[in-house]
Amino acid sequence: MTVQIPDFSAISGAAVSRALAGRRRQVVDIVEAAYLAHDRAETVNPPSYFLRFPDAPHNRIIALPASIGGATGVAGLKWISSFPGNVAEGVPRASAVLVLNDLETGYPFACLESSIISAARTAASAALAARTIGAARPRPTRLGIFGAGLIARYVSDYLSAVGFRFDEIGVHDLSPEHADSLATHLRTTADRVVVDPTPESLIRSSDLVLFATTAATPHVSDPDWFAHHPLVLHVSLRDLSPEVILSATNVVDDIDHCLKADTSVHLVEQRTGSRDHVHATLAQALTGRFTAPADATVVFSPFGLGVLDLAVATFVHRQATETGTATPIPDFFHERHRHGEGPRGKAP
């Protein structure tokens, strides 16, 4: 069989957005399948690599390499930057690209704008966790959102897609302007949306709490704020103090990945020298090997796995190719033969 170098294409953010539009439930299913494949050891998901800048310690660019076997059969790399200072200028914090590689030749065959893919897989993961972990709990009537950025908007939309309906949504952000902006967006689909004046009032009054901030260190430290035992989607990973984490039942997406880079659950490991505070992974909940207690605070902390990005990106690539919204780049690979010529001096 002759090995063929794959064609190469670029997929813009606009094309990504069109591919995902109206398909939130399908994206949740794709993310769930990726989690289960990872649980069955059908993936390779090395540790993420953090590129940091000594003169700008709040900025970082993260490389997430991964591969998925089975029917998906793809490898790739997400390269995502986080520059929190962008927010003050009205620009999204994160930007990203993702490269997909053919497993037969190793050649890359697509480069996709990936901030939308990253937001979608993060939101789908949070919605999947809320649906799965919350199955044994009373229906949440109030959603509290701490951090009013793009990720918060995506998560709220995905929660709606999997069937959550809230009597009220509360929003809190350090920037009143950002809180008002997200509240205005949410009012297009929710009956009652309010801006909570303080973090304490937001948390104490909500039975489902979403943290989607840019915090680099814990800023919520009183376990008593969680005395009503909410389900907490700790998407931003570094908001909760070790005291809060130790008072809760903790579910993560992958233990080794999540307990690093000074996440809240990692800070507890550093303090105690133990991982006993992590009770389960989301895959264990999905497969019925773990049931979260209904009478305790449950915190879901997803570090974010590269295999989720690959699974969603593969779907986007297929949709964009089929609809003609991918942009082919002819001759992207110029040196297509080892020595430039085939047998007997003829071009192959």
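The values are calculated or read from the model by the stated rules, or taken from the named source; none is laboratory data. Given the structure is predicted, the values throughout are model-derived calculations rather than measurements. Methodologically, a virtual Cβ is constructed for each residue, glycine included, from the backbone with ideal geometry; neighbour enumeration extends over all protein chains shown. Note: accessible area is taken over every heavy atom of the protein model, side chains too, but ligands, DNA and RNA are not part of it. Shrake-Rupley method; radii C 1.70, N 1.55, O 1.52, S 1.80 Å.
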D_trans [Stokes-Einstein, Kirkwood Rh over alpha-carbon pairs] for the stretch 241-292, 25 °C, 0.890 mPa s, µm² s⁻¹: 220
Relative contact order for the chain: what is it in percent, counting Cα pairs under 8 Å that are at least 6 residues apart? 20
Which residues' amide hydrogens lie under 5 Å from the amide hydrogen of L210, considering only partners 5 or more residues apart or on another chain, with H built in the peptide plane? G144, I145, F146, L233
Can you tell me the orientation of helix 150-161 relative to the chain, as the angle in degrees between its alpha-carbon axis and the longest Cα principal axis, to the nearest 10? 80
In the stretch 183-237, which trypsin sites (Lys or Arg not before Pro) are in a loop and have at most 16 other Cβ atoms within 10 Å, using DSSP for the loop call? R187, R192
Sorted by chain and then number, the residues having a modelled amide H within less than 5 Å of the amide H of D196, at least 5 places away or on another chain, are V171, H172
Output the 0 to 90 degree angle, nearest 10, between the alpha-carbon long axis of helix 24-39 and the longest principal axis computed from the alpha carbons of the chain. 80
List the residues, sorted by chain then number, that are 5 or more residues from A110 or on another chain and whose placed amide H is less than 5 Å from its amide H. S9, L100
Alpha-carbon radius of gyration plus Dmax, which is the widest Cα pair, for the stretch 100-162 in Å: 16.2, 51
With a 1.4 Å probe and all protein chains left in place, how much of the accessible area of the stretch 23-148 comes from carbon and sulfur atoms, in whole percent? 58
Of all alpha-carbon pairs in the stretch 114-227, indicate the percentage at a distance above 17 angstrom. 53
With a probe of 1.4 Å, find how much accessible area the chain has per residue, and write the answer as a whole number in Å². 47
For the stretch 246-269 versus the stretch 67-81, the gap between their alpha-carbon centres in whole angstrom: 24
If you plug each phi of the stretch 47-61 into the Karplus form 6.51 cos²θ - 1.76 cosθ + 1.60 with θ = phi - 60°, what whole-Hz ³J(HN,Hα) values come out, in order, with x for Gly and Pro? x, 5, 10, 9, 8, 10, 10, x, 8, 8, x, 7, 8, 7, 10
The chain: calculated mean residue ellipticity at 222 nm from DSSP helix runs of at least 4, using -39500 (n - 2.57): -9500 deg cm²/dmol
Output ³J(HN,Hα) for the stretch 245-262: one whole-Hz value per residue in order, computed from phi by the Karplus curve 6.51 cos²θ - 1.76 cosθ + 1.60 with θ = phi - 60°, and x for Gly and Pro. 4, 5, 8, 10, 8, 10, 10, 10, 8, 8, 5, 4, 6, 6, 8, 6, 6, 6
If you plug each phi of the stretch 182-199 into the Karplus form 6.51 cos²θ - 1.76 cosθ + 1.60 with θ = phi - 60°, what whole-Hz ³J(HN,Hα) values come out, in order, with x for Gly and Pro? 5, 4, 4, 4, 5, 5, 6, 10, 10, 6, 9, 10, 10, 9, 7, x, 9, x
Pop out the carbon and sulfur fraction of the accessible area of the stretch 172-214 as a percent, whole number, probe 1.4 Å. 52
